[in-house]
């Protein structure tokens, strides 16, 4: 069963309608693990066909493309681009700019996910501690943030950090002894990335905090009280009771955050006004600028393929774990 | 993995659920509770909320300012001459309403489609054991890692020339084409999350029903589907947000008449300067459907997320 | 190994239908004629224009389309594109079969598409004023002796200044570059009290400006040597110009070194600068804003600097000639009709409409008349006569898209690189990009 108020804990009003269709002597197939025949396939076919058609097929095309050299001329004329084998891959993998992008993307992912998850967990714990009115206020605040589309959120941050009209500069400048007039946040990559990270964390916290808070409601109160009686410090309770119970949930939300933040595109794109400088390129924007900005469609495809492989490498642990869960039931 | 699910579920776990009783026992951690501690926590909570809300407040503040106040070197923290001009401007702008309607249609189609198709797929992997099941699970997990932007051109070419054997279709520049694309975009997550919900339903229920003479189809329809209800709602949150927020695919596939509000918002950035006021007003209007959606289903969000997430 | 994989991939591609199916479009395609009468009854022409046409001169578009419809019977469907991502969309669309018939692109974006065979050849003689088309626009259309697009409108950059502030320090429109610097110095001193004030507003990634300064000392961005392009920014003359610009910006500008010029009129309207370098229409944009930016007919609201601006050619600095051209896509099924529409949209009537909207016409023959008809654009019309345009190289648009010059300028302005290092780096990037096969 699931963690919270799961559907399964509710009692169906009329499980199956015992009065109808009763076939005497019909025995439930207890060994459902066998002889399912075509039914599961029939159920899965619509999903598989759609995935194969709209994801699988373009994916194969992308793969094929990465072994060619497709430029604008080939794209327009529809002629088969020349085959170049692994040239695109060699070119990408020997390019130090690419590795800088990879390093940057990974660093950003690690930092932003750490901050988001720890922040989200802290907020979730805080939500358990405050009075109801305050909790409601917190939830409403987070709902609003969560509801803001990514594009909009990014534009707000661009507007707030604008060097001429931004409220952030205005406020910081008000601090005594600080001159932040016309300060540009994207000269120094550290500062620029701080803004991007702030945006991503700010936008990511609601999902994390609300989910983890729901998970926390499942920690049995009696257990914590007993622990306190036995002299456990709050920190010990957190480490030894709360975290182990939350662990599966934390794994999931962390993984989702990794997938999302690793694919960072919109935020960097909007904050840099559609032309991220080299120090603000991530794998996603880099692949996109190479493919569409520079009309190196094949190179862009090769970068995308490498990105997927990198992700697979990072996610292999998660996938294995998920796979095991999927296996079990 | 520890299965926290084993613990009995207290009756009230939904964070927003209001209780008549004054007793504070809705799962609040009572460890180290003291009056000063509560005050401290409340202060922190309020402070956090204020910080979170600041950008939202700033959007509202900007949206209600007349143009000359928007671009001011000393940003006003309250519009001195509040006006609805920016909202009127957005509403009257070419294609705004059209694109809003498109966005709603596309989102609903994609989410509904993904739920139907995803539910069936989830049933297959949650309730059956068959040759190829592992492969399907693997596919569902791995495709979530694919960067969709890299597939833009193949996708475009394919949609432009959809050949169903009896007839050829051009699905670019159509709401259907984008809807299907979004459907597939959110499908893997949907299948995976629903799978978690379905496995959470004890098999004994199915079996009892089958003993009572239900056919397998009836079991799906009468038992599993209703019990997955909250899961469907929770899963749709993700799909809704994804489909509503996407702008790059739709901008490439469709002409402005067939785009959504996100793509429309991009228009406010021209080489002739950004129109911040109407942009922020448009942003607010764009967010309203999501806020409304969230408010309607808020009880299910947290529940569903945890349940779905933990099981999958 | 390599070959084997390639072979497997080739088979896969064939099976998937990725293999050749198009015609050889760059074999001598016939030139589309715009002369004579074309009957387009029942047909619809698909036109992609940039959003500027919608916001600034939609009436001209509508009028030209109406005349076109009257003459041919065909209807016109105009779709307005955003600068931010129009090329991505164009790429995907051109790869398919259902393409727009007429496409507008910026003049610096054109060569890439012309070289790649995206556009069909036109016959210049069919279009009004074609004998005096602005070279900065037409150059982008030329390829192997043929013309592949039609100049549409231009913009030249001028010095726009605050008459009141200059008068206060007893200055007028500068006649020489030294005078310009002296004026900036005087104004800067006069406004010392205002910490936000910078005499010149010059955002750091305004590469059109920076390169104009490079040109002012005889420098260049890149030039063709044989069949190779060679970046010229690290040549002494270029360095001199770049240094001149950097010195000026560092001393007199308070603008964001990571911003481009898109918002400069709005920012200048706040009154914290005395001069900026912009298009003719930006003077208007700084003095008045539309009450409702989404509505082209909206009433105008004066800004703080209303009535205090004037424009003059930037002394000694040749202007970058920006602008747009119109091309007929190679895959268009109705090229003749497309040519007719372009003809209507670029004739003298339409050009007069553009001039009213503060854009420069597409031909030198029209510049003088434009200057006489519309005082606002007179200095720009003058500046257009002494103008430059970026290398007419196939891959030039990729240099722009790669933000090479923008990045270099920010780095140099913020002291991350010296001018020489920055120029060297940009040259390397330019060489790689332009010579890539």
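The table that follows gives values for the structure above.
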{"quantity": "Residue count for region B:118-139, restricted to those that are more than 8 Å from every other protein chain (Cβ to nearest Cβ), more than 18 Å from the chain's Cα centre (by Cα) and in a helix (DSSP H, G or I)", "calculated": "2"}
{"quantity": "Residue check, residue B:88 within 9 Å of another protein chain (Cβ to nearest Cβ) and free of Cβ contacts under 8 Å to residues at least 24 places away in the same chain", "calculated": "yes"}
{"quantity": "Residue in region C:311-318 that is surrounded by fewer than 23 Cβ atoms within 10 Å (Cβ to Cβ), part of a strand (DSSP E or B) and touching a residue at least 12 places away in the same chain (Cβ under 8 Å) present", "calculated": "yes"}
{"quantity": "All helices (runs of 4 or more DSSP H) inside region C:23-110 with 3 or more residues being surrounded by fewer than 16 Cβ atoms within 10 Å (Cβ to Cβ) and either away from chain B (no Cβ under 11 Å) or at pLDDT 85 or above (or both)", "calculated": "C:58-72"}
{"quantity": "Selection within region B:215-240 - within 8 Å of chain A (Cβ to nearest Cβ) and in a helix (DSSP H, G or I)", "calculated": "B:216, B:218, B:219, B:222, B:223, B:226, B:227, B:228, B:229, B:230, B:231"}
{"quantity": "Breaking point among (1) without any contact (Cβ under 8 Å) to a residue 12 or more places away in the chain; (2) more than 14 Å from every other protein chain (Cβ to nearest Cβ), for residue C:366", "calculated": "(1)"}
{"quantity": "Considering residues of region B:34-73 that are out of contact with any helix residue (DSSP H, G or I) (no Cβ under 7 Å at 6 or more places or on another chain) and farther than 30 Å from residue A:135 by Cβ only, the residue surrounded by the fewest Cβ atoms within 10 Å (Cβ to Cβ)", "calculated": "B:72"}
{"quantity": "Enumerated helices (runs of 4 or more DSSP H) restricted to region A:50-108, each holding at least 1 residues that are facing chain C (nearest Cβ under 10 Å) and over 29 Å from the mean Cα position of the chain (by Cα)", "calculated": "A:72-77, A:87-93"}
{"quantity": "Options A:194, A:237; residue that is out of contact with any helix residue (DSSP H, G or I) (no Cβ under 6 Å at 6 or more places or on another chain), free of Cβ contacts under 8 Å to residues at least 60 places away in the same chain, part of a helix (DSSP H, G or I) and closer than 29 Å to residue A:140 by Cα", "calculated": "A:194"}
{"quantity": "Counted residues, region A:158-173 - those being within 28 Å of the chain's Cα centre (by Cα), part of a helix (DSSP H, G or I) and more than 7 Å from every other protein chain (Cβ to nearest Cβ)", "calculated": "2"}
{"quantity": "Subset of region A:208-231 that is free of Cβ contacts under 8 Å to residues at least 12 places away in the same chain and at the interface with chain B (Cβ under 8 Å from one of its Cβ atoms) - its residue that is farthest from residue B:141 (Cα to Cα)", "calculated": "A:228"}
{"quantity": "Candidates B:115, B:171, B:159 - the one that is farther than 14 Å from residue A:48 by Cβ, under 22 Å from the mean Cα position of the chain (by Cα) and in the same structural domain as residue B:293 (by TED's automatic domain parsing)", "calculated": "B:115"}
{"quantity": "Some residue of region C:328-349 being without any contact (Cβ under 8 Å) to a residue 24 or more places away in the chain and over 28 Å from residue C:112 (Cα atoms)", "calculated": "no"}
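The values are calculated or read from the model by the stated rules, or taken from the named source; none is laboratory data. All values derive from a computational prediction rather than experimental measurement. All Cβ positions, even for glycine, are placed from backbone atoms using ideal geometry, and neighbour counts span all protein chains on display.
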